[in-house]
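Just below is one structure, and these are the notes that go with it.
The values are calculated or read from the model by the stated rules, or taken from the named source; none is laboratory data. What you see is a predicted model, and the numbers here were worked out from it, not measured in a lab. FYI the Cβ positions are ideal-geometry reconstructions off the backbone, even for glycines, and counts take in every protein chain you see. Surface areas here come from the heavy atoms of the whole protein model, side chains and all, with no ligands, DNA or RNA. Shrake-Rupley method; radii C 1.70, N 1.55, O 1.52, S 1.80 Å.
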Amino acid sequence: METNEVYEKLKKVFEDGIGELKTDVPVDPFFFVSADKINAVSLFLRDEESLQFDNLSCLSGMDYDKDNLAVVYHLYSYVHHHKLVVKVVVPKSNPVVNTVSDVWAAADWHEREAYDLVGMTFEGHPDLRRILLPEDWEGHPLRKDYKVPEFYRGMKVPY
Amino acid sequence: MGILNKLDNRVEQFESGNIIITSADKLLNWSRLSSMWQMFFGLACCAIEMMATSASHYDLDRFGIIPRPSPRHVDIILISGTVTLKMATRIKRLWDQMPEPKYCLSMGSCANCGGPYWEHGYHVLKGVDRIIPVDVYVPGCPPRPEALIEGLIKLQEKIREQSLAKKPA
């Protein structure tokens, strides 16, 4: 099933939560979902007979443009062998997204990584803390405006 | 003091072959360099090369170097791999737990100077010598087993020069 067919199906069920579909990009076509509906949309994507996206291949947080952060979900279905890309865009001043860790268990650590590196908070996550960097690190390194700290616990960080 | 005058840099053996006279320095240094027990401390890709060196093709056991899991049992720690800032606090603690005389061999580019992450690595400690004193640096990314063995032999030569009268640095 192609992305635009999935998009039509979703638009019939959730009218206001689904954003626009972008097909003229050099990568896979994707569409936007609003931040508070992503949990319900994910449950529908996973459980619906003709869709059955039972594999979350990747969940990544990114710095989208000057005032927004985004989360990208890459989904795959082992039953129907089709894939899908979904994006959620949130403003940097309030980067809160519903968690999907109760829909796909792999999202647990991927969301912890997105929180650690980009600063995206996931509402409803069971254990949201830093996973790659030390617990007392300050800042979120993969944002574009990140500055490398001079010292960390007495060790000089830059070369 | 006839026999002791002749000692200098040599070991004297009697004609019957059962008695050897040497100095305490040489005996201690020889025993220390022939059985350098190393700590199981592989962090990244250099660890694979360290394991390859310890395996049967380039054997490290013939030098007396066997791996031990606990820092309390070892003489030498081979820092092989990238040292992140998160790991650096743990390395300092392990170094403090090692008993004297202890030596450190920094293996690979990342442990020497931060390696390929020197420019943009916000999370990498640029060289393990920022936290612990290093005796031998082995360059390479990763160093070949022959290079690692040469580094260990250089460390053996350093131990051979030590003396009981001066504390090792």
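Odds and ends about this structure:
- Hits among lysines - C-alpha to C-alpha of B:Lys158 under 27 Å, sequence gap 8 or more where chains match: B:Lys6, B:Lys26, B:Lys92, B:Lys102, B:Lys126, B:Lys166, B:Lys167
- Loop-located chymotrypsin sites (Phe, Trp or Tyr not before Pro) across the stretch A:8-55 with a Cβ neighbour count of 15 or fewer within 10 Å are A:Phe14, with loop assigned by DSSP.
- Taking 7 Å steps out from each Cα toward its Cβ at B:Arg90 and B:Ile66 produces label points 2.5 nm apart.
- Derived scalar couplings ³J(HN,Hα) [the stretch A:49-54; Karplus, 6.51 cos²θ - 1.76 cosθ + 1.60; whole Hz; x for Gly, Pro]: 4, 7, 9, 6, 7, 9
- Beta bridges by DSSP in the stretch A:1-123, antiparallel share as percent, to the nearest 5: 80 percent
- With a 1.4 angstrom probe, the accessible area lost at the B-A interface totals about 1200 Å².
- Once both labels are positioned 7 Å from their Cα atoms along Cα-to-Cβ, the gap between B:Glu15 and A:Asp136 label points is 7.1 nm.
- Virtual spin-label span in nm between A:Tyr159 and B:Ser34, 7 Å along Cα→Cβ: 4.4 nm
- Hydrodynamic radius (Kirkwood) for the stretch B:1-122, which is based on Cα pairs only, to one decimal in Å: 17.0 Å
- Low-density loop positions, GluC sites (Glu not before Pro), the stretch B:104-169 - DSSP coil, at most 13 other Cβ in 10 Å: B:Glu119, B:Glu161
- Once the partner protein chains are put back, the stretch B:89-136 shows a loss of at least 50 square angstrom of accessible area, versus the chain by itself, at B:Tyr122, B:Arg130 (probe 1.4 Å, ligands and nucleic acids excluded).
- Vicinal HN-Hα couplings computed from phi for the stretch B:91-100 (Karplus, 6.51 cos²θ - 1.76 cosθ + 1.60; Hz; Gly/Pro x): 5, 4, 5, 5, 4, 5, 7, 6, x, 5
- Drop in accessible area of at least 50 Å² in the complex versus isolated chain, residues of the stretch A:127-159, 1.4 Å probe: A:Met155, A:Val157, A:Tyr159
- One Cα centroid belongs to the stretch B:42-112, the other to the stretch A:92-159; the line between them spans 30 Å.
- Split chain A at each of the trypsin sites (Lys or Arg not before Pro) in a DSSP loop with at most 14 other beta carbon atoms within 10 Å, and the longest piece is A:1-65.
- Peptide-level mean, for A:31-40, of C-beta atoms on other protein chains within 10 Å: 0
- Accessible surface of the stretch A:37-88, 1.4 Å probe, proportion on carbon and sulfur as whole %: 54 percent
- For the stretch A:60-159, the per residue solvent-accessible surface stands at 53 Å², with DNA, RNA and ligands left out and a 1.4 Å probe.
- Neighbour-limited loop hits for chymotrypsin sites (Phe, Trp or Tyr not before Pro), the stretch B:88-168 (at most 13 other Cβ within 10 Å; DSSP other than H, G, I, E, B): none
- For the stretch B:109-120, 3J(HN,Hα) per residue [Karplus equation, 6.51 cos²θ - 1.76 cosθ + 1.60, θ = phi - 60°, Hz, x = Gly/Pro]: 5, 5, 7, 6, 8, x, x, x, 9, 5, 8, 10
- Note on chain A: lysine pairs with Cα distance below 23 Å, sequence gap of 8 or more or different chains, count 29.
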